[in-house]
1. Subtract the Cα-Cα distance of VAL74 and MET31 from 0.36 nm times their separation in residues, and report this length gain in nm to one decimal.
2. For the chain, what does -39500 (n - 2.57) per DSSP helix run (n ≥ 4), summed and divided by total residues, give at 222 nm, in deg cm²/dmol to the nearest 500?
3. Work out, in µm²/s and without decimals, the Stokes-Einstein translational diffusion coefficient of the chain at 37 °C, 0.692 mPa s, Rh from Kirkwood over C-alpha pairs.
4. Can you give the angle from 0 to 90° between the axis of helix 3-24 and the longest principal axis of the chain, with both taken from C-alpha atoms, to the nearest 10?
5. Hey, what angle do you get for helix 29-45 against the long axis of the chain, alpha-carbon based, 0 to 90 degrees rounded to 10?
6. Excluding residues on the same chain fewer than 8 positions from LYS60, give the lysines whose Cα lies under 30 Å from its Cα.
7. Which FRET efficiency value, to the nearest 0.05, is calculated for LEU42 and ALA22 with the Förster distance at 25 angstrom and r the Cβ-Cβ distance?
Amino acid sequence: MSSLHWRNNSLIHRFDKLADEADTSMVFQPMTEQLSILEIELMQSLEPDQQILFREWQDKELALEYMKKEWIYVRGVQDGIKILSQLYSE
């Protein structure tokens, strides 16, 4: 396994761990509860076929957001590594 591949896998694993911690953090609990209430109200207002469509859209939206955040995290770490390498090479 190449060094770059190993590093990227390590970064992604760390991002996943932090994402799991964020999911259970009490800091986000009030907003999570508000969103849950709104989601229930929204789903109750939709017809069953609309609920299915909404869930499909929601799944894709969440996947895209997760991918974007993972990309930003990895790029941030890579940028940090480059900055540190430049500082230590001088």
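All of the numbers you see were taken from the coordinates with simple rules; none came from a lab. Keep in mind the model is a prediction, meaning the values are calculated, not measured. Quick reminder, even Gly has a Cβ in these numbers, built from the backbone with ideal geometry, and neighbours come from all protein chains shown.
1. 12.9 nm
2. For the chain, the value works out to -32000 deg cm²/dmol.
3. 202 µm²/s
4. Its long axis makes an angle of about 40 degrees.
5. With rounding to tens, the tilt is 40 degrees.
6. Within reach: LYS17, LYS68, LYS69.
7. On the way: r = 23 Å, r/R0 = 0.93.
Approximately 0.60, to the nearest 0.05.
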